[in-house]
Structures are given as structure tokens and as C-alpha cells.
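K.L.:
Let me begin by handing over the structure; questions about it come next.
The values are calculated or read from the model by the stated rules, or taken from the named source; none is laboratory data. Being a predicted model, the structure only gives us computed values, none of them experimental. All Cβ positions, glycine included, derive from the backbone under ideal geometry; neighbour counts span all protein chains shown.
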Amino acid sequence: MTMRVRDAPASSALGTKGSAMREKPEAKYPLRDNATDKLRSFSERALSEITAEAIAKGELSGDDLRTHADALRQQARIARDAGYPQLAGNLSRAAELTSVPNDELLKIYELLRPDRARHEELTRLADYLELTYGASENAAFIREAAETYRERNLLRR
Amino acid sequence: MERSIRFDLLANRDINKETFVEPWPEAGLIVADSPYDPQPSISIDDDKVVEMDGVPRADFDALDLFIVSHALDLDVAVAAMAIPSKEYARMLADINVPRQDIARLIAGCTPAKLTDIIRHMNVLEMMMGLAKMRVRRMPANQAHVTNWREHPALLAADAAEAALRGFAEVETTVRIARFAPFNALAILIGTQTGRGGVLTQCSVEEALGLRLAMKGLTSYAETLSVYGTELTFVDGDDTPWSKAFLASAYASRGVKIRFTSGTGSEALMGRAEQKSMLYLEARCLLVVKGAGSQGVQNGSISCIALPEALPGGVRAVLAENLLASMLGLEVASGNDALASHSSIRKTAKLMLQFIPGTDFIFSGYSAIPKRDNLFGGGNFDAEDFDDYNVLQRDMQIDGGVKPIREDEALDIRRKAAEAIQAVYRELDLPAISDEEVAAATVAHSSDDMPERDIVPDLEAADRFMASDSDFVAVMRALQRGGFSEVADNILEMGRQRIAADYLQPAAIFDADFKVQSAINDPNNYTGPGSGYRPQGQRWKDIQAIPQAKPPTGFVEPHVGEPLSRLVEIGPAARGRGKEVVLALGPAFGRVLGKTIGGLEHEEVLKAILSGIAGEGALARIIRVYHSSDCAAIGFVGARLSGSGIAIGLQSRGTAVIHQKDLAPLNNLELFPQSPSLTIATYENIGVNAARYALGKSTVPVSVKIDNGARLRLIVKTALLHRRETDEVCPGQAPVECLFDWEPD
């Protein structure tokens, strides 16, 4: 697999925006009603800028209506507090994946299917995600998959 | 062989179109409790599971490995596994044990333990458990909207109607995979025309599904299928890790996901490993939970006919819904694929989810006729809408939809078809004609739609998929085409995507476009007086089926002017000779003018009098005021009759031939089925009464038995009787009447 190594948006780099958010008082669920002024799109637009007029003027694109990692991290926290730790884990992995481009996501999924990848392809993929996107939780998850796939003969032969 | 006529008839009943099979555990044809199912156990050494359900770690398959590292809460596992299964079963059925207390312990239970708990429960106990363990307080429903023509205007119109009916999610799919973006687009526009906030998905191959979501054309996905054995999982071309990654990928784009599992798939794929369907489903559900899915679509789904072929199959399907809710998963509880030829059986099965309520009672109610359902579904379809609405009304149960009026349906369908027409025009897609819009507005199925050239549609779909065009372009097209309200709803879906609130368990948007999920609307059922009940406006909406009529309308057609020929002349006295007294109810020919069967009171009088005169007897008419009861009217008449014979006649037409020496509630002949009585019958009643008076031998009048009459007319019967009872004057003695008419 070849993947373009490209700069992730600053906001999704590990530990910058995410940790900053963690120090703020927790927003209450639903965020749509209780954090209206704090919510940002993937492209860092405020919710107040996302209007019908802006659509009509052609000022908005798909990224202006995409989920930001911070919202997913907050949702992960809300899920964990409500007693849904596995969902919280999924949402936190999702937060890391917000900055991974669409085509790369599809390629990673394909590689994780049975008999697609060799062990070292998976570990390289994990390293790549961690280095490029700060996706350490996904990296750990993929490394675990690599070990299991080896144990259960699910790797490409 | 000699043939019983009855058995021959039974053989041709719908139920006997089903296939029934005896269990065969070795082939996985057993719904629960296979002799090969493992016994529950767990051993944890140094925070690591070294044995589970009798299998040492060295022999774990990929599912076991995933379950122990992601699904089980090892902090509670040892304590949870030590509690007897029967204890859990009792807690589930006990309203005094809150959901959270059970969920905390269930988090540490292995697949064999979960299965073992069910062993102790009957369906009623499981329904109690489901009512309590369901994660969202308010139940909801999901619709399937497809059509075999894959006509965009019909898809949009049907999606709009489904949204108006109250479905919280609408799912479509494709016959031809290349249609995926356009089918997704049509139901997005349709639903957001019908009601802002309906979640939509297009069920296609995983990677394509993700691309549709990335374009903003869908807001949820439930295509993530999991299986209970490693070999089946791999046959499905996935692993728990690939599915979990896919789940995160969807969530990263703000899309709600739900996994799919369900009993029977492993047996169907020939890889059940001798285990029961329910045990394998327990494994699936722990994989679903471990992957971090907020919910699951289960209840056998497309394999439903397989468990239903086996003993205990419907119970097992309820059990799997319950297991999912015990694990804190949103449950979309099947009832989608064709499960039975028999209306009785399919409805009885539905009750197991309908009565307790689930997060989505159907994981696809076919909001289109089943012949247009591309999911192989349609166990309940658009032709059952009114039946379903009545079930809600009968039981005061919120089944997630509401009745709508025909004019509302036509308006919303037209608007949705025009909206998609405008979008196709603005985006330069193959035109949708006004004829197609008109047809979609009134259509029931694909058969009602004009032929459409699909080649240019498919080419346009390919171009749309390859381009950067997404739901932002769709919103602009709607704005330019004059459908800014629909654009606003899609824009709000975009804002909701940014907030990501609807990624939480069991999230839907309510009628006010507000998110409702396990976080802000957690199920709090703890017995009577708690939890969700349809009340206030919601209960009014459920009641308001258009077929329900105001009660006054039943009586009005029977009200008439007093008969001019029928006059009261003074107190009724005891008569003499071979006469027949005809005793009328207090409203007869006064305020009411017709029987329940629509016969004019005047004609009924003439018929009876003709019958009496024909036998050579005399007739005398009295009116009874102190009672509206048929027997009482007849009995009073008999006691005033010279012969001791009288006919009692109520305004609604019910008649009796009475004799003075009988007990008041006894009679010579009774004619309770007034709707079946004809003028000829009334004449025969007159004849017979005269023959009794003359002491002649008499064959009772035969009346056709129509057991449906009461069913059809009981409301009218009650209201006509009530109207007659309004005329009762308790102290007033019977009155002699003169009917100014002579029989020929």
C-alpha cells in the first residue's frame, strides 16, 4: 500500500486541541443545544457561520459540515461517563480518524479484512497512523489485530 | 387413505405453507441449548483471561480473543460469573431491580453465561426484561423504502410519507449497485421533506456505504454484519477488527452506526460448529459491544424463517433482542424479512417486541408494498399500515408511527417528488418529468410509475459518485429550486453531524428535531407508573385514525319525523279475543324512523300488520314508555293482549314474540339479529304471532345467521339503543295507538 504522508490539520495533531479541550469545563449533552458557541466544524468554522445564506453564496464546502475531533472526544467522554466504555473507545478512535483522508480510510479498512495484509504491513500501517496523524489508539488497535491475525492465520499468505 | 374434510382444509391454510423441521444440533439447527453449547466459566490470571466457557486461551479463536480484550469488563467478571444464572433471570423480570444494576454485572458475563440466563426465562419474563433493559425510554420505528424500478420520484415520495408517518429512520438499498448515490439522495430529500431529522441510510457494500456517508447522503449505517463463528466471520470477508475499524471510520465522519447480527446466519452458512443459534448470537453481541457499536440490528433479520422453522424459534428471537439490550446496545429488533405466510403468526411474533417496546420495533417496516421491497422484506408492509395503527390504538402502545390523512399524504408526496425533480434539474441530472411527479404523488408501487430510461440515470450516478459533488451541492440545488425548507432540514442534519450527539446510544431525532438517546432519554422503567407511556398529544395522535367517526353520526341517518299515520289515542287497556298486540319501543316512529338495517318504520309496521291480518287475527298497537328493553316491551304487550300473544319491537328493529305466561326474559321467538331482518321476515313474524294467537301449530321463522353483523354494527346498535332509552319515561303507562292504514 502507498499512502500519501501529508500534514494533518493542526487541530487534530496529538495533544494540542484535544488536551486543551479537556481542561475546559465539560459541555453538557446534547452539545447541539449546550455548546452551540463552542462547536466547530472540521474546517474550524463556528456553528454560527453555517447558515443557509452561506450555502446559497457558495461559501461552504463538505469540510464545513464535517465533524471535528474535539466533538467526538467530548462525545467519547459523555459515553464513558454514562457507562458505555466500548462506545467511548470507538468515538475516541474516530476522533483520531477525522484527519485521515477518505481514500486512506477505505484502504486501511481493506487491509484489515482477512487475508489482505502481511504482519509487517499492518505494523507499518500502525506506525504510519501514529506518526502522521497522532492516531495512537488506532495504531494500538491495528497492532493487536496484526498479532491476532498471525495467531489465527488471517494474514495474507 | 381416507381424507378428513377438516384436515384437508387445514392443509391449505397459510400456516401450512411454512416449513417446519425437527432440531438437528450437529448442523446448528437448534435455537437454544444445544448439547454442544459450552458451560459458562472464566479464569483470570494477572488481568488476563486464561480460560473462557471451557476453552483455554491457547484454543481461543479470533472472536474469543476480541471478546476478552474488548467486550468483557474484567473488573466485575469473576463476581458476575459467580452469581447463579437463575438469579439474573429473576432480576431481569423483577421491576424492583433497576436496569443499571443488572447492566453493571452483565458487563462481566461470557457468551455461555448470557445464554444460560435465558434458559430460565419464558417469553413473558423476557418481555418484562426487554421493557426494562431497552436503552432509550421512548420506543421508535424504522422504515424500508425501496422500489424495484429504483424510481427517484417514487423513492422520494415514499420516504416523505414514511417520515410523515413518524418513522425515525428510513433505510433504502439498491437492485443495481450503481444506483446507490441516487437512491440515497432520493430518500434524503424525501425524508427531510416529510420531517426534518429522520436518519437515513443506503444499504450497500461496506466501502461504498462509507463513501455515501462521506458525501453526506446518509446519516447512519447498519450494514456492519457480524457472525458467531470465526469461519463465518471470515466468509463474510471481515474480522472483528476490520468491522470495529469501519465503525470508527463512520463515526469519524459523523455517521451513526449499528451492527447487524441475528440467529441462524451461521447455520445458513454451514458453519455453526454444532452450537445453538442463541449461543452464537451471544458471541456476536459481545463482538458488537467490544467493537464500540452503539447498537445492533438483531432478531434473526434475514434468516428469520430458519429459527421459525424450529421449536422455540420465536422465543429465541426475543431472547436475542433481550441479550442485546442487557449489554446496553440499542436494538433494532427485526420484524423485517418475510417470516410467515400466516397473518396470525406474524402478528403474534410481533407482539413480543411491540408490547415491551424496543428502540426500533422494526429494523425495517416495509413502508412500500412487499413486492417493491428490495431487502427481501415486507413481513409488515404499506398494505398493513392501517392494521398497525389500530394495534397501537387498541393497546395504547407507541409503535413508533401515527395515522395520517390521505390529503396530507398526497401533499407531502407531491412536495417530495417536486423537490427531487428540482434537484435533478439544478444538478443537470436526467430530467424527472411532471408526469413522473404526478404518478409518484398518487402511486402505491412501481407498477404505478411510468417507464424510465435507466441508462442515462446510471451514467449520471457514476459521474456524481466520481465527482466532488455532495450534500452541499444538493442543498444549493434545493434552494435554487424553491425548496429552501428542505434545504434547511438537510443543513440542520449537517450541523447535527458537527455536534455528533446522535452517535450516542439509541439516538434519534424527535418531532422537534431534538436528539433523544440513552444519554438524555435513558429508559427508566421500574414498573407501573414509570418509564414511557403514550400520553397527551402523542396518545391523541395514535387515537386519531381517520376511520374513527364521531358517535353522533351513527344515529343521524335513523332519525326521522314522527309518522303522521301513527297517533296515540289514550291509555292502553287489556284487550279481548284472538288479537295480537304489537308493542312498540318508546322512540319507534316518533324520533327514530328507520331500523338498523335501514328499513322504514312505517314499512315494518305494514309488513307485520299484513302478516297478522293474513292469518285472520286482529292487531292492536300500543307504545311502551317505561322501558326500551325488547323483552320488557314484548312482555307488557303480551299481558295486555286478549290472546296473551304480543310482538315486541324496538326502534332498531329487534323483535320478539312473547306470551303472557312465560317468564319476562323468555319468549316464543326472538329475532336479535335486526340487521338481517327483511320486510318479508317482519311479515312472517306477524304471521307466526297470529298463528300462536289462533292456537295454530307454528314453524318458527328462520333467520339467516350473520355472526359478522354484531361485529360491524355494535357501535350503531349501542347508540340507537341509547337514543331509544333517552325516550323512556319510567312512570308512564303504555299508550294505545292508532295506525291509519288497512292491509289489503
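K.L.:
Restricting attention to segment B:507-521, does a residue exist that is out of contact with any Ser or Thr (no Cβ under 9 Å at 6 or more places or on another chain) and in a helix (DSSP H, G or I)?
P.N.:
Taking every residue of segment B:507-521 in turn, none turns out to be out of contact with any Ser or Thr (no Cβ under 9 Å at 6 or more places or on another chain) and in a helix (DSSP H, G or I).
K.L.:
Next question, about the same structure. Listed residues B:ASP47, B:ASP61, B:ASP75, B:ASP53; which is more than 38 Å from the chain's Cα centre (by Cα), under 20 Å from A:THR148 (Cβ atoms) and free of Cβ contacts under 8 Å to residues at least 40 places away in the same chain?
P.N.:
Matching residue, one of B:ASP47, B:ASP61, B:ASP75, B:ASP53: B:ASP47.
K.L.:
Tally up the residues in segment B:497-511 that are at pLDDT 95 or above and more than 7 Å from chain A (Cβ to nearest Cβ), please.
P.N.:
Of the residues in segment B:497-511, 6 are at pLDDT 95 or above and more than 7 Å from chain A (Cβ to nearest Cβ).
K.L.:
Also, I was wondering about something else. Give segment B:472-496 a look and list any residue that's farther than 14 Å from B:GLY196 by Cα and either touching a Ser or Thr at 6+ places or on another chain (Cβ under 8 Å) or more than 7 Å from every other protein chain (Cβ to nearest Cβ) (or both), or say none.
P.N.:
Correct list: B:VAL472, B:ALA473, B:VAL474, B:ALA477, B:LEU478, B:ARG480, B:GLY481, B:GLY482.
K.L.:
Tell me, yes or no, whether segment B:253-272 has at least one residue that is modelled with pLDDT of 95 or more and either under 21 Å from A:ALA139 (Cβ atoms) or in a helix (DSSP H, G or I) (or both).
P.N.:
yes
K.L.:
Taking segment B:398-414 only, how many residues are of a type in the set (A, V, I, L, M) and assigned to a helix (DSSP H, G or I)? Even if it seems obvious, please write down each step before you answer.
P.N.:
In the first step, residues of segment B:398-414 are kept if they are of a type in the set (A, V, I, L, M); the result is B:401, B:404, B:409-410, B:412.
Applying the additional criterion that residues be assigned to a helix (DSSP H, G or I) yields B:409-410, B:412.
Of the residues in that region, 3 qualify.
K.L.:
Mind listing whichever residues of segment B:688-744 are more than 13 Å from B:PRO586 (Cβ to Cβ) and among the basic types (Lys, Arg)?
P.N.:
B:ARG691, B:LYS696, B:LYS704, B:ARG710, B:ARG712, B:LYS716
K.L.:
Continuing with the same structure: Within segment B:200-210, can one find any residue that is within 13 Å of chain A (Cβ to nearest Cβ) and either under 22 Å from B:ASP372 (Cα atoms) or not in a helix (DSSP H, G or I) (or both)?
P.N.:
Taking segment B:200-210 first, the residues within 13 Å of chain A (Cβ to nearest Cβ) are B:205-210.
Retained after the next criterion (residues that are either under 22 Å from B:ASP372 (Cα atoms) or not in a helix (DSSP H, G or I) (or both)): B:205, B:209.
For segment B:200-210, residues within 13 Å of chain A (Cβ to nearest Cβ) and either under 22 Å from B:ASP372 (Cα atoms) or not in a helix (DSSP H, G or I) (or both): present.
K.L.:
Here is a further query. In segment B:718-744, what residues are part of a helix (DSSP H, G or I), over 27 Å from B:SER610 (Cα atoms) and out of contact with any Pro (no Cβ under 7 Å at 6 or more places or on another chain)?
P.N.:
Within segment B:718-744, B:ALA718, B:ARG722, B:ARG723, B:THR725, B:ASP726 meet the criteria.
K.L.:
Continuing with this model, one more query. Of all residues in segment B:390-410, how many are closer than 15 Å to B:GLY357 by Cα and surrounded by 14 or more Cβ atoms within 10 Å (Cβ to Cβ)?
P.N.:
9
K.L.:
Another question, then. Please report, ordered by residue number, the helices (runs of 4 or more DSSP H) entirely within segment B:15-109 with at least 3 residues that are more than 12 Å from chain A (Cβ to nearest Cβ) and modelled with pLDDT of 95 or more.
P.N.:
Working: elements: B:62-66, B:74-82, B:85-93, B:99-106.
Because the criterion is at least 3 residues that are more than 12 Å from chain A (Cβ to nearest Cβ) and modelled with pLDDT of 95 or more, the helices (runs of 4 or more DSSP H) in segment B:15-109 that meet it are B:74-82, B:85-93.
K.L.:
Just need a number here: residues in segment B:345-391 that are assigned to a helix (DSSP H, G or I) and within 27 Å of B:LEU323 (Cβ to Cβ).
P.N.:
Summing the residues that are assigned to a helix (DSSP H, G or I) and within 27 Å of B:LEU323 (Cβ to Cβ) in segment B:345-391 gives 12.
K.L.:
Taking B:LEU286 as the residue in question, decide whether it is on the phi < 0 side of the Ramachandran plot and either in contact (Cβ under 8 Å) with a residue 40 or more places away in the chain or of a type in the set (Asp, Glu) (or both). Explain how you work it out, then say what you get.
P.N.:
Details: on the phi < 0 side of the Ramachandran plot: yes; either in contact (Cβ under 8 Å) with a residue 40 or more places away in the chain or of a type in the set (Asp, Glu) (or both): yes.
Spelling it out, B:LEU286 is indeed on the phi < 0 side of the Ramachandran plot and either in contact (Cβ under 8 Å) with a residue 40 or more places away in the chain or of a type in the set (Asp, Glu) (or both).
K.L.:
Name the residue that is surrounded by the most Cβ atoms within 10 Å (Cβ to Cβ), counting only residues in segment B:211-227 that are away from chain A (no Cβ under 13 Å) and over 17 Å from B:SER242 (Cβ atoms).
P.N.:
Within segment B:211-227, the match that is surrounded by the most Cβ atoms within 10 Å (Cβ to Cβ) is B:THR218.
K.L.:
Turning to a different aspect of this structure: Which of the residues that make up segment B:357-386 are surrounded by fewer than 23 Cβ atoms within 10 Å (Cβ to Cβ) and out of contact with any Ser or Thr (no Cβ under 8 Å at 6 or more places or on another chain)?
P.N.:
If the condition is that a residue be surrounded by fewer than 23 Cβ atoms within 10 Å (Cβ to Cβ) and out of contact with any Ser or Thr (no Cβ under 8 Å at 6 or more places or on another chain), then B:LYS370, B:GLU383, B:ASP384, B:PHE385, B:ASP386 are the ones that fit.
K.L.:
For segment A:136-152, does any single residue satisfy the condition of being of a type outside the set (Lys, Arg), touching a residue at least 40 places away in the same chain (Cβ under 8 Å), more than 8 Å from chain B (Cβ to nearest Cβ) and buried (at least 22 other Cβ atoms within 10 Å of the Cβ)?
P.N.:
Taking every residue of segment A:136-152 in turn, none turns out to be of a type outside the set (Lys, Arg), touching a residue at least 40 places away in the same chain (Cβ under 8 Å), more than 8 Å from chain B (Cβ to nearest Cβ) and buried (at least 22 other Cβ atoms within 10 Å of the Cβ).
K.L.:
For the structure I just gave you, tell me whether B:ASN684 is within 22 Å of B:ILE596 (Cα to Cα), in a helix (DSSP H, G or I) and touching a helix residue (DSSP H, G or I) at 6+ places or on another chain (Cβ under 9 Å).
P.N.:
yes
K.L.:
Can you name the residue in segment B:1-44 that is basic (Lys, Arg) and in contact (Cβ under 8 Å) with a residue 24 or more places away in the chain and, of all such residues, is farthest from B:LYS113 (Cα to Cα)?
P.N.:
Ranking the qualifying residues of segment B:1-44, first place goes to B:ARG13.
K.L.:
If you check B:PHE245, B:PHE259, which single one turns out to be in contact with a helix residue (DSSP H, G or I) (Cβ under 8 Å, 6 or more places away or on another chain), within 14 Å of chain A (Cβ to nearest Cβ), closer than 20 Å to B:ALA324 by Cβ and of a type in the set (Phe, Trp, Tyr)?
P.N.:
Being in contact with a helix residue (DSSP H, G or I) (Cβ under 8 Å, 6 or more places away or on another chain), within 14 Å of chain A (Cβ to nearest Cβ), closer than 20 Å to B:ALA324 by Cβ and of a type in the set (Phe, Trp, Tyr) holds for just one of B:PHE245, B:PHE259, which is B:PHE259.
K.L.:
I'm trying to understand the selection: among the residues of segment B:133-160, which are more than 21 Å from the chain's Cα centre (by Cα) and assigned to a helix (DSSP H, G or I)?
P.N.:
B:MET133, B:PRO152, B:ALA153, B:LEU154, B:LEU155, B:ALA156, B:ALA157
Yes/no per residue for (1) on the phi < 0 side of the Ramachandran plot; (2) touching a Lys or Arg at 6+ places or on another chain (Cβ under 7 Å); (3) surrounded by 15 or more Cβ atoms within 10 Å (Cβ to Cβ); (4) of a type in the set (Asp, Glu):
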site: B:THR19; (1), (2), (3), (4): yes, no, no, no
site: B:GLU22; (1), (2), (3), (4): yes, no, no, yes
site: B:LEU29; (1), (2), (3), (4): yes, no, yes, no
site: B:SER34; (1), (2), (3), (4): yes, yes, yes, no
site: B:PRO38; (1), (2), (3), (4): yes, no, yes, no
site: B:ASP47; (1), (2), (3), (4): no, no, no, yes
site: B:GLU51; (1), (2), (3), (4): yes, yes, yes, yes
site: B:GLY54; (1), (2), (3), (4): no, no, no, no
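K.L.:
Then there's this: Out of the residues in segment B:619-628 that are in a loop (DSSP other than H, G, I, E, B) and not hydroxyl-bearing (Ser, Thr, Tyr), which is surrounded by the most Cβ atoms within 10 Å (Cβ to Cβ)?
P.N.:
For segment B:619-628, the residue satisfying everything is B:VAL624.
K.L.:
Here is a follow-up. For segment B:674-713, which positions are modelled with pLDDT under 95 and surrounded by fewer than 18 Cβ atoms within 10 Å (Cβ to Cβ)?
P.N.:
Answer for segment B:674-713, where residues must be modelled with pLDDT under 95 and surrounded by fewer than 18 Cβ atoms within 10 Å (Cβ to Cβ): B:SER676, B:SER702, B:LYS704, B:ILE705, B:ASP706, B:ASN707, B:GLY708, B:ARG710, B:LEU711, B:ARG712.
K.L.:
Also, quick follow-up: Across segment B:415-437, what is the total count of residues that are in a helix (DSSP H, G or I) and surrounded by fewer than 19 Cβ atoms within 10 Å (Cβ to Cβ)? If you could, list the steps in order and put the result at the bottom.
P.N.:
Restricting attention to segment B:415-437, the residues satisfying the condition of being in a helix (DSSP H, G or I) are B:415-426, B:434-437.
Within this subset, residues satisfying the condition of being surrounded by fewer than 19 Cβ atoms within 10 Å (Cβ to Cβ) are B:425-426, B:434-435.
Adding up the residues that qualify gives 4.
K.L.:
Is there a residue being buried (at least 22 other Cβ atoms within 10 Å of the Cβ), within 15 Å of B:GLY264 (Cα to Cα) and in the same structural domain as B:ASP101 (by TED's automatic domain parsing) anywhere in segment B:337-353?
P.N.:
yes
Residue by residue, here is whether (1) touching a residue at least 24 places away in the same chain (Cβ under 8 Å); (2) surrounded by 24 or more Cβ atoms within 10 Å (Cβ to Cβ) holds:
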{"residue": "B:GLU451", "(1), (2)": "no, no"}
{"residue": "B:ARG463", "(1), (2)": "no, no"}
{"residue": "B:ASP470", "(1), (2)": "yes, no"}
{"residue": "B:SER484", "(1), (2)": "no, no"}
{"residue": "B:ALA487", "(1), (2)": "no, yes"}
{"residue": "B:ASP510", "(1), (2)": "yes, no"}
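K.L.:
Separate question: Under 8 Å between Cβ atoms, at least 6 apart or on separate chains: pull out the pairs that start in segment B:717-744 with a residue that is surrounded by 13 or more Cβ atoms within 10 Å (Cβ to Cβ) and end on any residue that is among the charged types (D, E, K, R) and part of a helix (DSSP H, G or I).
P.N.:
The qualifying pairs are B:THR717/B:ARG710; B:TRP741/B:LYS606; B:PRO743/B:LYS606.
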